[in-house]
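Everything below concerns the one structure shown next.
Derivation of every value follows stated rules applied to the coordinates shown; laboratory data play no part. All values reported here derive from a predicted model rather than from experimental measurement. Cβ coordinates were reconstructed from backbone atoms using ideal geometry, including for glycine residues, and neighbour counts include every protein chain displayed.
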Amino acid sequence: MTSKERMDNAVPDRKRVVVAGLGAMGSGIARLLLDKRDLVQVVGAGAARPDKHGRDLGEVLGTGEMTGVAVTSIGELADIEADIVIQATTSFTREAFPDIMQFVRSGKNVISIAEEMSYPHVTEPLLAKDMEEAARSNGVTILGTGVNPGFILDTLILTLTGSFGNVLSVRASRINDLSPFGHGVMKTQGVGTTPEESSPSSPEWWLDVTTQ
């Protein structure tokens, strides 16, 4: 069944979704959502890079299909009528916070892939409190989730231990292929930096991280 046929057979109560951020992760999420148009409707997409603005989302994603969704700046997404915003621009709560608050105040639920948003009350307790109060007052939700942290080195490992009678220790490791990602992810992973620059306590660690 083609994408158009799925659209024709779509259920009437599809959730309207906006994708904020069209880097490696955001683009992958957008492609997945477009492939599930019988369940969700992508009504907006935003990018930090100006060269993506004004172009059809399908063109930006390289799908070869026109979607009718024009890519805008991320700041313009709050004005779009939607149920959910997928926020995929950064790994850090303090950087995601302004966009999340803007979306929440416009009455939208937010799903953030920022790693720190898995447990924002630990890394940024004051910002976490502000987000919770804003979500409650606007009747929406905020969820921080993703493959890592949350699944690969957390839930998956704990689930696997369920088949053992006695667990003495757990050791997990992973290998990252960063080739699809841009400068922002490279910076957070310490690629091209000195040991001093890659330390979270270093001011340089927070500078010049370009979101997509």
Percentage relative contact order, segment 3-144, counting C-alpha pairs under 8 Å, at least six apart: 20 percent
In segment 31-92, which trypsin sites (Lys or Arg not before Pro) fall in coil by DSSP and have 16 or fewer other Cβ atoms within 10 Å? K36, R55
Gain in span if fully extended, D38 to T193, counting 0.36 nm per residue against the direct Cα distance: 51.4 nm
In whole angstrom, the spacing between the Cα centers of segment 14-28 and segment 54-132 equals 8 Å
Whose amide H sits under 5 Å from the amide H of T141, counting only residues 5 or more places off or on another chain, with H placed in the peptide plane? N109, V110
Residue-wise HN-Hα coupling along segment 94-101, computed from phi with Karplus coefficients 6.51, -1.76, 1.60 (Hz; x: Gly, Pro): 5, 7, 7, 3, x, 5, 4, 5
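Where the eigenvalues come from the Cα gyration tensor of segment 1-128, what are the semi-axes √(5λ) of the equivalent ellipsoid, largest first, in whole Å? Mind dumping the intermediate values first?
Details: eigenvalues 135, 50, 33 Å².
Over the Cα atoms of segment 1-128, the semi-axes work out to 26, 16, 13 Å.
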Can you compute 3J(HN,Hα) from phi for each residue in segment 61-77, using the Karplus curve 6.51 cos²θ - 1.76 cosθ + 1.60 with θ = phi - 60°, rounded to whole Hz and x for Gly and Pro? 7, x, 7, x, 10, 7, 9, x, 9, 8, 6, 10, 6, 5, x, 7, 5
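Which loop-located trypsin sites (Lys or Arg not before Pro) does segment 126-175 contain, where loop means any DSSP state but H, G, I, E or B and the Cβ has at most 12 other Cβ atoms within 10 Å? Could the numbers behind the result be given before it?
Details: sites: K129, R136, R171, R174; in loops: R171, R174.
Counting only loop positions with at most 12 other Cβ atoms within 10 Å, the trypsin sites (Lys or Arg not before Pro) in segment 126-175 are R171, R174.
Using alpha carbon coordinates only, what is the Rg to Rh ratio of segment 44-85, with Rh defined as the Kirkwood radius? Don't skip to the answer; put the middle values down first.
Values: Rg = 10.1 Å, Rh = 10.5 Å.
Rg divided by Rh gives 0.96.
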